[in-house]
1. Among 186, 168, 255, whose Cα projects farthest towards the positive end of the dipole of the chain, with charges put on the beta-carbon of Lys, Arg (+1) and Asp, Glu (-1)?
2. Between residue 132 and residue 188, what is the spin-label point distance in nm, taking each point 7 Å from the Cα along the Cα→C-beta axis?
3. Setting aside same-chain residues fewer than 8 positions from residue 107, which lysines have a Cα under 19 Å from its Cα?
4. By DSSP, what percent of the beta bridges with both residues in the chain are antiparallel, rounded to the nearest 5?
5. Can you compute the modelled spin-label distance between residue 95 and residue 107, with each label point 7 Å from Cα toward Cβ, in nm?
6. What distance in nm separates the two pseudo spin-label positions at residue 120 and residue 76, each 7 Å out from Cα along the beta-carbon direction?
7. When the helices in the chain are scored as -39500 (n - 2.57) per DSSP H run of 4 or longer and the sum is shared across all residues, what 222 nm value do you end up with, to the nearest 500 deg cm²/dmol?
8. Once fully extended, how much extra length lies between residue 164 and residue 290, figured as 0.36 nm per residue of separation less the alpha-carbon to alpha-carbon distance?
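FYI, it's all coordinate maths here, none of it is from the lab. Nothing here was measured: the structure is a model prediction, and the numbers come from that model. With ideal geometry, Cβ positions are generated from the backbone for all residues, glycine too; neighbour counts draw on all protein chains shown.
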Amino acid sequence: MRRGALLFVAAMLLPSSFSFAKDPPTAESTSMRRPIAVIAHRGGALLRPENTMPAFRHAAEIGTEYLEFDMEMTADDRIAVYHDALINPDFCNQDDGSPAPAQPVRKLDLAAIQKLDCGAGVRPQYAGRRHVAVPGARVPELGEVLHAFKGSEALFFAETKIPKDADIDPVEFARLVETAVRENGLEDRLILQSFDFRTIDALHEINPRIRTCLLGVPRQTRDYLATLRRHKSTCIVLGLDEVDRAETARLQDAGILVFSGVADREEEWHRYAELGVDALFTNDPEGAIAYLERSGLRN
């Protein structure tokens, strides 16, 4: 109930006079506020290898509401769950343990990409004592991720990536996403996010039942609601300096989900909680869940 309701319920407005105090929210101050969900960025990249099945399993096991991942199209028009336009040798190795060549994902077939070990290494920015390597973890396909968790309560937050100058048709990309989502019966549990609004618009035309989320809107305009309406989207990701509490409430009153930018520190989670966002977007879902539980902001 908690996870499904977060996709559709945008009731319970925040009190307009809520304080921006530095102390953690008290039970009294949060009593009229909605619970905040947690989005595991790349599956929780500070904890497990990014965009891999071990990361998604861990995030689901600890109760993270949303599994977030990136999608790139391969040479054989398959959807690889991967972030970078090029294979990243920082954390993807060949079978002999040597770094994988930095080739474009779009130039490789999915089968070739899935031969790489992308779980033994770690992107430097995610390295740390809490990161658990999983040697042998492979790059999954979109359908593999959706099928693995369709029997769970997990929601999905999936981003289309179209590198500059890549020979990718955004309509075809959206069609492939829609097919995988529909075949797994997840139209009400996946939100498509993108900086490339062509895929957002295409998906709405193909299947308006699937919710969409706009990224990077403040780079273009501060008239968020008009932009959301133009692209028929009901979700937006906004950073700490891109929205205030009143605007968050106004968007939510209009039926919009407001998600935080990626935040990995308690100070940031607290500031986003004060803004009244619907979900915290983080590489550290364990930490975010613990913070929300201490603050009385989690079901």
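1. Comparing the listed Cα positions along the dipole, 255 ranks first.
2. Between residue 132 and residue 188, the simple spin-label model gives 3.3 nm.
3. 115, 161, 164
4. Around 20 percent antiparallel, to the nearest 5.
5. 2.3 nm
6. Between residue 120 and residue 76, the simple spin-label model gives 2.4 nm.
7. Theoretical 222 nm ellipticity from helices: -8500 deg cm²/dmol.
8. Working it through step by step, the gained length comes to 41.5 nm.
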